[in-house]
Each structure stands twice: as C-alpha cells, then as structure tokens.
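The values are calculated or read from the model by the stated rules, or taken from the named source; none is laboratory data. What you are looking at is a predicted structure, and each value in this text was computed from that prediction instead of being measured. Here Cβ is always computed from backbone atoms with ideal geometry, including for glycine, and neighbour counts include all displayed protein chains.
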Ligand SMILES: [Zn+2]
C-alpha cells in the first residue's frame, strides 16, 4: 500500500465512523442538497435530452431486435457517448431473437366485408399462404372461454377483455393464444391492451405454452373487438380471414450499450441505470423505451459535465431486446455475474418519460428509507414518492433483482402511456421536453446520491 492509498484508507475509515454516519442518520438533505440542485438545474435548463431523443428516433426509427436500424442506432450511441467523454464505452455482445412480422391482414368476411385494424403479436407463427378463414367466437375472459370451450373448436377465438391495468389485461395477449389453442381454436385475436383507442392496434409479445399447438395470434383494435362482440351478441355469424407472414429467423448478435463514470473511491462498486434500446417494429419507440434510454444516458452525461463524480461507479446500460425476450437483461446478468455482489443498485426507466412522480423500489426496508431520503431531494420537480414493491419494478433489471441487487424504477404520470404503447403512435411528438428533462433530473439525483452514500445500500 503506498502513502496515498494509506491516507485514502484512513480517510475512508474515519469517514465511515463519524461524519457520513451522521449524514445518513440525520438525513441526506444537508449532504446532498447542493449536488442535487445543480443536477436538477442542469437537466431542466434546456431541452438537450429531448433533442437527443429526437435525433435518435427520427434518425433511426424503430429498433426491433434483429433489425439493422437497432444496430445502427447502437453504433451512433456508442460514438456519441465517447464524444461525451464517458468512460469504458462499449457494446457487450448478446444473442437475440429475430422475429419478423411479414405482410399481414385481418378481413371481416361475414356478416359484411370490412378491414380490421390489426397487428400480429410478437413471437407469433404465421398462417398458411392463403390465410386462415374461420368463424369467430368472442369471449370476454379466460373464464368465459372455459364455459364455452365446446364452441371453440375450429374457430378463431377473440378475447374481448376491457383494459383494467396493464399487468392484468396483458395476460390475454401473453397467454390467450395458448388458452385458445387448448380449446381447439385455429387462430387467436385479442383486443388491444390499451386504455384509450383511435382504432389503433397495439402489438406486444405473446408466450406460447410448449404443450399445445402454436396458432397464429394478432391484436385487433379495441373498436374492432367491440364491434365483433356486438355482432355475436345480435346472433350474427362472424367470419374472419387472418393472413400473417410472421416468422422466427435465426438468432442474431446484438449488443448492450455500456458506459461509465468511474467512481472516485470505490470504482469496483456499481450503480447501474438505464433503459432498453430496442423497441417494437411500429412507431419510433420514442416512449418505449428510447425516452428512458436517453434520460439515463443524459443523467450520467450531466454528472460528468458538472464534475460530480460519486464515490462509486455509475454505469449506464441500454439493454437490447427487452421486448422480444429480455435477452439484454439476462445477458447483462450473465456477463457480470462475478461483480453482482458489488452492484449497489439497479435503476431503470421503462414506463414513459412523462412528468416524474417518484420511484418504485424493491429491496430491504433500511435501503428503502435511504432511497426515500434521496427522493426527498426531488421536491422541486415533484418526484418524491417512493413505493416499496415486492418484485422487480422493471423487466431489464429483473435478472439483477433476482440475484439480490436492490432495484428501482422511475414512476411517472402515465395516464397517457397505454394510449400509445406498442403502436404506430409511439412517436416523439407525444412527449414534452420539460417533462423529459425532469425525468433526467430524477434519475441523475437518485443515481448520484446512492452511488455516493458512504456505506451503500443495505441488502435484504
Ligand atoms: Zn419497454
């Protein structure tokens, strides 16, 4: 040990025993008020994050796993991160699914001819070339299908389940096709998982149960699902032709984007923050999750710009392929297995970059108390709420939370999020530059404070 390191160690020992303990005991407000305020000021002084997001989504468009646009966007981000002066900028290889939609349509052929507004579900198999033409059985829930199982054989089953909240309603998209197949259906349609609709279909991943046949599956707009349901209720025979060119191609190589601000005292200990850089193949993936990705990136860039280097390393990770298998999230866990014990916290923004309200936190009670104190520094932007949740608040950090890493997700005023989620309408214009800036501020302050805490976050 040289003199400098000895002095440093002494300093850390002293710091560990007196001053910082006091800081944690009496609240983090005094210690971190100045740093938090300067991060908030810098994030909200202009629309830099929004402009960067515009450059990303207008420049590359959607970023579906397996697409050239995803890899081109990743190349551009890596170049920009180096220009920003971030450290250890790299793309970490991850093998990802490569599902393609192909040409698709759903046509109502009885009781009258009409075009239905549809999007195939991610992971779905295609139909035979001429499509599948069959009578439709509309059900409103899994229980309703149970009751009418005898009628489902040979039909296209349509789940017309109204939106309640995302996790509950999306079960029809995830599990509906296999439930329909178990009842003998030849294809499955689901009402789009949407809290509002202008006849826009919403895609998303479906999960086939390996014990039943894989049948073609698509979402139809809320309006179309309700119309078909009304037709059935009137006793009319409903017949649809579904054509889908969907295919699963061979997996391809993609990358998780990683960049760092190396910690000044404990560089081996890490706070991760990020979003997922992939999107569905519709819209621009501006809110899901270009916005979260850019907000996390900007949060770290601002720390660097302001010379705020916390004790520990802050690592921004833009995970690849969340939508079609969370392969970026599990790939990151596998690649960093040896250092997960030194991951102090993992944070993700994947719920839209609308006005931030606070955070959802999965971890110990004593860690939650510290996170609450950090969030209290965000009073000026209204992001102080911390809700404790039992499971990982976001998908990409899920594999880390399962390994015991405290996990935190940004929470926003999301009443419009499921209007646009997984549709052609997920484009930049729906976002407000000032709200995006506040998301950057919230992520920056939380990441900075936790990365700088004298003794880290206690694990469960
Ligand atoms: Zn997402």
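Per-residue answers, yes or no, for (1) modelled with pLDDT under 95; (2) within 15 Å of the ligand (Cβ to nearest atom); (3) under 21 Å from residue 422 (Cβ atoms); (4) crowded, with 24+ Cβ neighbours inside 10 Å:
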position	(1), (2), (3), (4)
254	no, no, yes, yes
263	no, no, no, no
266	no, no, no, no
280	no, yes, yes, yes
283	no, yes, yes, yes
290	no, yes, yes, yes
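When residue 203 is tested against (1) touching a helix residue (DSSP H, G or I) at 6+ places or on another chain (Cβ under 8 Å); (2) not in a helix (DSSP H, G or I), exactly one condition is not met: (1). If you scan the range 96-128, which residues turn out to be free of Cβ contacts under 8 Å to residues at least 40 places away in the same chain and over 21 Å from residue 230 (Cβ atoms)? Of everything in the range 96-128, just one residue is free of Cβ contacts under 8 Å to residues at least 40 places away in the same chain and over 21 Å from residue 230 (Cβ atoms), namely 128. Among the residues here, residue 239 qualifies as within 15 Å of residue 137 (Cβ to Cβ) and away from the ligand (no atom under 16 Å from the Cβ). Looking across the range 379-402 at every residue that is assigned to a loop (DSSP other than H, G, I, E, B), more than 13 Å from the ligand (Cβ to nearest atom) and under 20 Å from residue 272 (Cβ atoms), the one that is nearest to the chain's Cα centre (by Cα) is identified as 392. Checking every residue in the range 172-187 against the condition of being surrounded by 17 or more Cβ atoms within 10 Å (Cβ to Cβ), farther than 19 Å from residue 153 by Cα and touching a strand residue (DSSP E or B) at 6+ places or on another chain (Cβ under 8 Å) gives at least one match. Regarding residue 405, is this residue over 30 Å from residue 200 (Cβ atoms) and either within 16 Å of the ligand (Cβ to nearest atom) or not in a helix (DSSP H, G or I) (or both)? When the stated conditions are applied, residue 405 passes them. Scanning the range 175-190 for residues that are outside any helix (DSSP H, G or I) and either over 19 Å from residue 246 (Cα atoms) or without any contact (Cβ under 8 Å) to a residue 12 or more places away in the chain (or both) gives 183, 184.
Which of the residues belonging to the range 311-330 are over 15 Å from the mean Cα position of the chain (by Cα) and either within 16 Å of the ligand (Cβ to nearest atom) or buried (at least 23 other Cβ atoms within 10 Å of the Cβ) (or both)?
Hits for the range 311-330 are 312, 313, 314, 315.
Might you check whether a residue that is surrounded by fewer than 24 Cβ atoms within 10 Å (Cβ to Cβ), at pLDDT 95 or above and either within 30 Å of residue 306 (Cβ to Cβ) or within 23 Å of the chain's Cα centre (by Cα) (or both) occurs anywhere in the range 226-242? The answer is no; no qualifying residue exists.
Against the definition (closer than 17 Å to residue 352 by Cβ, in contact (Cβ under 8 Å) with a residue 24 or more places away in the chain and away from the ligand (no atom under 16 Å from the Cβ)), how does residue 299 come out, yes or no? Yes; evaluated as a whole, the condition is true for this residue. When residue 307 is tested against the conditions (1) closer than 26 Å to residue 47 by Cβ; (2) away from the ligand (no atom under 16 Å from the Cβ); (3) touching a helix residue (DSSP H, G or I) at 6+ places or on another chain (Cβ under 9 Å), the lone failure is (3). Please go through the range 331-357 and give me each residue that is touching a residue at least 60 places away in the same chain (Cβ under 8 Å), away from the ligand (no atom under 16 Å from the Cβ) and either outside any helix (DSSP H, G or I) or under 17 Å from the mean Cα position of the chain (by Cα) (or both), ordered by number. Scanning the range 331-357 gives 331, 333, 343, 344, 345, 355, 356.
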